[in-house]
1. When Thr240 is evaluated against the numbered criteria (1) of a type in the set (Ser, Thr, Tyr); (2) open to solvent by less than 20 Å² (accessible area, probe 1.4 Å); (3) in a loop (DSSP other than H, G, I, E, B), which criterion, by number, is the only one it fails?
2. Which of the numbered conditions does Glu649 fail, given that it passes all the others? Conditions: (1) under 22 Å from Trp726 (Cα atoms); (2) surrounded by 18 or more Cβ atoms within 10 Å (Cβ to Cβ).
3. If a residue must be assigned to a strand (DSSP E or B) and of a type in the set (Gly, Ala, Ser), how many such residues does the stretch 520-552 contain?
4. How many residues are more than 21 Å from Val167 (Cβ to Cβ) and either in contact (Cβ under 8 Å) with a residue 60 or more places away in the chain or outside any strand (DSSP E or B) (or both) when one looks only at the stretch 636-659?
5. Could you grab me the full set of residues in the stretch 123-176 that are among the polar types (S, T, N, Q), in contact (Cβ under 8 Å) with a residue 40 or more places away in the chain and in contact with a helix residue (DSSP H, G or I) (Cβ under 7 Å, 6 or more places away or on another chain)?
6. Only one of (1) at pLDDT below 95; (2) surrounded by fewer than 21 Cβ atoms within 10 Å (Cβ to Cβ); (3) hydrophobic (A, V, I, L, M, F, W, C) fails for Leu327. Which number is that?
7. For the stretch 590-600, how many residues meet the condition of being open to solvent by less than 30 Å² (accessible area, probe 1.4 Å) and assigned to a loop (DSSP other than H, G, I, E, B)?
8. Is at least one residue of the stretch 153-160 within 15 Å of Val231 (Cα to Cα), assigned to a loop (DSSP other than H, G, I, E, B) and of a type outside the set (S, T, N, Q)?
Amino acid sequence: MKKHLYEKSKVFFTLLLLTFANLIVAQNTVSGTVMDTNGDPVIGASIVVPNTMVGTVTDLDGKYTITLPEGVNEVKVSYIGYGTQMVDVSSGMAAITLAEDRLALDEVVVTGTFTGRTQKNSPMSLTVLDGAQLQRLSSNSQADILRTVPGITAEGGGGEVATNLFVRGFPSGGQYAFTPLSIDGIPVLSTFGLNSSAHDVYFRNDIGLRSLEFVRGGSATLMGAGSVAGVVNYQSIRGTATPTNKVQLEWAEGGRIKTDFLSAGPIAKNLFYAFSGFYRYDEGPLETGLPTRGYQIRGNIKKLFNEGNSSLVVSMQKIDDNVQFYLPYPLDNSNDARERPTGNDGEPIYTMLSSQLKDFSFDTPFGRFKSPIGDGVTTNGQFIMGELTHAFGNDWKLSAKTKAASYDHWFNLFLDGDGSHNTPEDQAGYIADRGGVSGAVFTYADNGAALGSGDLLFENRVLDRQRDMEELVGEVNLTKTVNNHNFTIGTFMSNTKALDNNWIHNVLGDFSNSPRAVSLSFVDTLGNTVNYASSGYVEGSGRQTSNKTLQSTKIAGYIADEIKWDRFDLDIGLRWEKAIGNVSLENGVGSNNFNKGIVEASDVAFVIGGLYRLNDNVNLYANGSRGYFFPQLRSLKFAGGTPQSYETETVIQGELGAKYGSSKLAGTAAIFFNALSDRRNVDIINDGNGGITELIQLQSTQTVGVELSLNYNISNGLNAYGNFTWQDHEFTEVEGNEEQVGNSIARIPNVMGMVGLNYDNGDFDANVSSNFLGSKFANNSNTVELDGFNIVRLDAGYTIGLGKGDESMRLGISVFNLLDAAGITEGSPRQGNSQVAGGNFFVGRPILPRRIFVKAAFSF
């Protein structure tokens, strides 16, 4: 899978070398200051000339100087957390005051639009989080951030990666099925379903992120590959004329140490840089003896040229990281409690991961395989991305992007049982079920001592999955402004290749936190002595179960028009896309008998949206769309060596809403509807023989719901905020399980919300929030209902000035899950529709326990 990024990106970098004629225009210079409503300077505020690359930022005193093209008398002034203003600077001097904008309704956004506009003037649901909010929310995973967004169900009990994301009732096994994760406008992975790894395994958050923009609803369909229910787009910090440097040190319970850094600023005239990254070592949040460690470095270089009308940004990422992933495990279900159980040693059990149950090897048709389970989820790779923009002198604007990525990736995990019993067993029952009649000897592998007579056993499976990936993406669009129209025409291309290779083996441990390995021998019914488990490895259980290579090529073209009148805006757009899949699947690993096939499908999406400015404070909007989704290639089956049909899934969405913004209060409200037809759903379930298999069903669903968000400025520095979502979702068709029609969709609550209080006086800051997820069903058969739960977070800090300007140190504390709630995020996906609510044990995954973080952040 490894290829040189230079080879993969050379096609598009030819485009980056295209030159444009320099535009020579007369200029004039404007100076001034930007202050907030308290009279304090706003450092780093952006002052730009609309529809050009001409711009600057304020210095440490809030001052700025900008040279304007002839005839230009107006600039756009913005800063995250403040309302954006268009300011007349014809006098040559301008003192500007920015007011706070708590919901970022007046923040200029780039996601869900081709021209850039404020959230308030976008005819869609859109949530913006700034860099400070991202730093506060990021404790364990993407779920910590995304669960604060209305309409989003985010499961994060598995650790730092593989967040399960559900948007507005769309059915999914989790991950990012209908809502791709993007960085600076380009998807981390443009094709979903080549294997079962989530997009966030290839990227980690760091303090070099400027903002998160989350577009929800059908308007996102135009914005990128797979953007059916929304787009999650992180914007990176880019260098400006004002240097910015940050270092953050972090410590947490359970042996966590992390260092983040950011450095950005000028290199030379019209040349800027920004670099960020982290190193992290963590023995938690759950004690397993299997540490998490690794690093990521990201950076970008920006060059302005052609009198500020052109820019070239080259970005990169290098990641070498491993994290541990926690799956569901048997919980104590006495009196339907579903609580963390007590182990053989009398201590609570938090996880079945164990450092004693690793390093095993076994023979396969391709040689001896050593399990990398001790490394957990590993990602080692990089991307390089180029973005070229040019504003022509006649209101034409060109944007061209490309990205080349290559990752070596393994997703190794301890499953949630042996696929047959899946719960703890007593010693007599364990022997009887495996053909033993006498002479059973259970010993601990670490010291040779015999197990206590009442000690329970738990046989589990280890699944090692190789998921190497490489991708080349390119997108070019051209925008033309004509009177009140902003026309955009563009094209998108991607080529993605991924492996899907699986190995599985069984391990035997006692029933305790991070189980101790157990050896077992017994006499079978034929009088033979059987060495069933050696140092925890169940003899003869290791095997390779899949050998797949999947490749996807996508080609798309789109056209859109954003029409603006005095009080009314209208968006219309059309996107055509074609996907070609190439699948190679070996029938029986080592058999040299392959099913190989090429499939393709194409479809058209149509979007229309309108916004009406009722008055200065209230905007009303509506949108509707007909979209599509390409089925997961890993779901493709063969009959007689021929691939089955491959057809798009149809998505209908509609939304009606309002946005309100004033100096004291900001809020949004939306009613939404979606219908998904002929969804080819893939669930990974137990096969009944100790292995796993993919269950593929055609499903159709529909959802109606309401989203609300609110932010109220109580007093200077103090504000209350919150959001609420109600959604009614159901199956309208389920192939082979007609009795499920009318059932609720698994793992999606009907009610969820968040309330919080934030205070910041410039020196002391504090934030407390409570995120509620209502009850939901663990499976589509609705046989198991999971109770709702609250996650309370606390963040507080004190900033101390260390020198001139904004040189400072912030000492802070953060507490995730302050009340140590133990709600269940999911049941056992591998048991699927066969899971029941009763029994002494219930297989489920609790949210991660309370964890305290201490941080010291230096800015200079």
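The values are calculated or read from the model by the stated rules, or taken from the named source; none is laboratory data. All of these numbers come straight from a predicted model, not from anything done at the bench. Note that each Cβ is placed from the backbone with ideal geometry, even for glycine, and that neighbours are counted across all protein chains shown. Surface areas here come from the heavy atoms of the whole protein model, side chains and all, with no ligands, DNA or RNA. Shrake-Rupley method; radii C 1.70, N 1.55, O 1.52, S 1.80 Å.
1. (2)
2. All conditions are met except number (1).
3. Restricting attention to the stretch 520-552, the residues satisfying the condition of being assigned to a strand (DSSP E or B) are 520-524, 529-534, 537-538, 543-552.
Now drop any that are not of a type in the set (Gly, Ala, Ser), which leaves 521, 533-534, 546, 552.
Final tally of qualifying residues: 5.
4. Residues meeting the conditions: 9.
5. Ser138, Gln142, Thr148, listed by residue number.
6. (2)
7. Step one: filter the stretch 590-600 for residues open to solvent by less than 30 Å² (accessible area, probe 1.4 Å), giving 595, 597, 599.
So of that shortlist, the ones also assigned to a loop (DSSP other than H, G, I, E, B) come out as none.
Counting residues in the stretch 590-600 that are open to solvent by less than 30 Å² (accessible area, probe 1.4 Å) and assigned to a loop (DSSP other than H, G, I, E, B) gives 0.
8. Step one: list which residues in the stretch 153-160 are within 15 Å of Val231 (Cα to Cα), which gives 153-154.
Now restrict to residues that are assigned to a loop (DSSP other than H, G, I, E, B): none.
Taking every residue of the stretch 153-160 in turn, none turns out to be within 15 Å of Val231 (Cα to Cα), assigned to a loop (DSSP other than H, G, I, E, B) and of a type outside the set (S, T, N, Q).
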